[in-house]
């Protein structure tokens with residue numbers, strides 16, 4: 001289908017009689033598909049029922065399919081049936097679950113009451129958590145997890161049910177309470193993994209969470225607080241467990257703390273891997289840190305990233321000979337085939353002057369080729385609060401700077417610059433393209449237009465995908481313009497550091513996101529970088545329309 005992209009920078013320049021072809025060129029390779037939009041008919045509902053608010057970011061897979069949660073409006077819609085989950089896993093959008101409808105496996109008269117954002121695997125299967133209402137539902141059993149991994153939608157686990165691998169009387173507690181939601185992950189053969197809370201007999205604060213996985217259709221315990229920690233000594237047990245990661249091959253990796261015999265602040269955290277039921281320790285505080293001087297060890301390790309090749313990457317703190325506050329942090333990766341140091345606090349920051357050095361490391365991602373992308377902070381002569389963060393990526397084959405705070409932001413007007421990259425999660429696809437959602441400051445920037453998504457094209461050119469405050473054409477028909485002003489952007493951050501087994505930015509250069517507009521409509525969109533067909537530039541009125549052809553994959 002033909003799509004049109006309107007950038008406010010290009011339109012504004014055209015109005016002034018001075019078109020910025022550099023800004024246009026930065027966007028020219030991008031095409032867009034609308035997957036769902038407020039007011040569109042909602043498949044699987046009744047006549048006249050349409051999508052309402054699509055607020056959260058979509059799930060996305062490597063084949064370009066999306067899954068998302070949305071409200072609906074129309075005939076017969078009330079507060080009991082206002083929300084649904086849709087998936088494009090079958091090749092077109094279909095309703096997976098709707099509030100007010102029967103919840104499979106939960107018993108007669110039990111319905112979905114609230115649905116949470118789903119995950120989708122490369123086979124197009126979804127998994128999600130939900131709360132319940134109806135016959136026999138009470139405060140001990142009103143939440144559960146569902147998955148399509150078996151080929152149809154089935155209950156995976158429900159609060160109040162026996163937790164496999166635990167002692168008699170231990171049951172799953174609620175999968176959602178307050179702001180905390182426990183969500184399942186789903187690999188490409190339909191097996192799930194999830195972190196869950198426990199309650200019941202002999203359960204206390206030392207053993208009230210665990211990680212479970214499906215193997216051959218059976219739910220089994222991977223790790224539990226208070227149980228012996230694999231790869232450690234006698235009397236050493238898991239303390240706290242973090243939400244696990246899951247790759248497409250079914251490998252689970254998770255971060256945890258330790259307690260027990262011989263455990264102190266120097267060796268009380270680690271990272272573990274579970275493959276086909278075999279749990280092993282990958283790294284622990286107190287281990288020798290590769291790439292450092294003799295006697296230097298990890299003082300702490302942080303939650304890892306995981307790729308589909310089974311490789312991990314993580315940041316860590318150091319202690320030992322020669323370690324000071326200026327060089328006690330680093331980033332390690334198995335991407336080269338063995339664990340190696342990628343960057344360290346105090347090292348010269350790649351592509352910057354020799355006296356500008358890394359001071360800390362933030363979010364990271366590891367693609368299936370073992371290449372890494374990360375956010376980092378900077379210090380050194382001339383570095384200020386205006387330019388002390390950046391993003392680096394190995395997408396080109398070697399580590400390079402993608403963007404630095406206070407750099408001019410591609411696709412925007414002169415004087416518009418990147419604001420801080422602290423808290424930014426870069427995503428690196430298998431083709432070596434890096435994407436991120438960033439903030440802006442500078443000339444003409446306010447809270448209505450200070451966010452955007454950028455990505456590199458196959459040539460490494462950083463390209464603006466969407467920006468708040470810009471006009472966006474939501475209509476796929478090349479003859480019909482439906483321009484709306486973007487108010488909010490939700491990027492499906494995905495990546496291995498975001499607890500999703502599928503990418504937000506896949507190897508085909510497709511990037512999924514949700515946009516909300518100033519007229520209170522919203523939609524799910526996919527940008528394609530690069531464009532698969534030739535670009536046609538048309539002059540329309542005082543603006544420029546970039547017309548592009550793309551293929552819609554639900």
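The values are calculated or read from the model by the stated rules, or taken from the named source; none is laboratory data. All of these numbers come straight from a predicted model, not from anything done at the bench. Cβ sites come from the backbone with ideal geometry, for glycine too, and all protein chains shown count toward neighbours.
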Report task. Please identify the pairs in which a residue from the stretch 280-304 that is in contact (Cβ under 8 Å) with a residue 12 or more places away in the chain and on the phi > 0 side of the Ramachandran plot has its Cβ atom under 7 Å from the Cβ atom of a residue that is in a loop (DSSP other than H, G, I, E, B) and buried (at least 18 other Cβ atoms within 10 Å of the Cβ), counting only partners at least 6 apart or on another chain. Result -> 286/267
Query raised in the report: Where residues in the stretch 305-327 are part of a loop (DSSP other than H, G, I, E, B) and either closer than 21 Å to residue 258 by Cβ or in contact (Cβ under 8 Å) with a residue 60 or more places away in the chain (or both), which of them is farthest from the chain's Cα centre (by Cα)?
Result: 320
Report summary line: Counting only residues in the stretch 395-411 that are under 12 Å from residue 372 (Cα atoms), touching a residue at least 24 places away in the same chain (Cβ under 8 Å) and assigned to a loop (DSSP other than H, G, I, E, B), the one nearest to the chain's Cα centre (by Cα) is identified as 395
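Only residues that are assigned to a loop (DSSP other than H, G, I, E, B) and closer than 18 Å to residue 52 by Cβ: list them for the stretch 89-132, please. Write out each step before concluding.
So in the stretch 89-132, the residues assigned to a loop (DSSP other than H, G, I, E, B) come out as 89-93, 99-101, 103-109, 116-118, 121-125.
Hits for the stretch 89-132 are 93, 99, 100, 101, 116, 117, 118.
Please work out which residue is nearest to the chain's Cα centre (by Cα), limiting yourself to the stretch 203-214 and to residues that are within 9 Å of residue 166 (Cβ to Cβ) and in a loop (DSSP other than H, G, I, E, B). Lay out the reasoning, then the answer.
Going through the stretch 203-214, the residues within 9 Å of residue 166 (Cβ to Cβ) turn out to be 203, 207, 210.
Remaining after also requiring in a loop (DSSP other than H, G, I, E, B): 203, 207.
Values: 203: 32, 207: 29 Å.
This residue is 207.
Condition check: modelled with pLDDT of 95 or more and either in a loop (DSSP other than H, G, I, E, B) or surrounded by 18 or more Cβ atoms within 10 Å (Cβ to Cβ) (or both). Does residue 221 satisfy that? Reasoning before the result, please.
Numbers: modelled with pLDDT of 95 or more: yes; either in a loop (DSSP other than H, G, I, E, B) or surrounded by 18 or more Cβ atoms within 10 Å (Cβ to Cβ) (or both): no.
Here the answer is no, as residue 221 does not meet what is asked.
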Report summary line: Conditions (1) without any contact (Cβ under 8 Å) to a residue 60 or more places away in the chain; (2) assigned to a strand (DSSP E or B); (3) within 19 Å of residue 225 (Cβ to Cβ) -> residue 274 fails only (1)
Query - the stretch 337-356, subset in a strand (DSSP E or B) and in contact (Cβ under 8 Å) with a residue 24 or more places away in the chain, residue surrounded by the most Cβ atoms within 10 Å (Cβ to Cβ) - result: 343
Query raised in the report: So is residue 150 out of contact with any strand residue (DSSP E or B) (no Cβ under 8 Å at 6 or more places or on another chain) and over 20 Å from residue 204 (Cα atoms) or not?
Result: yes
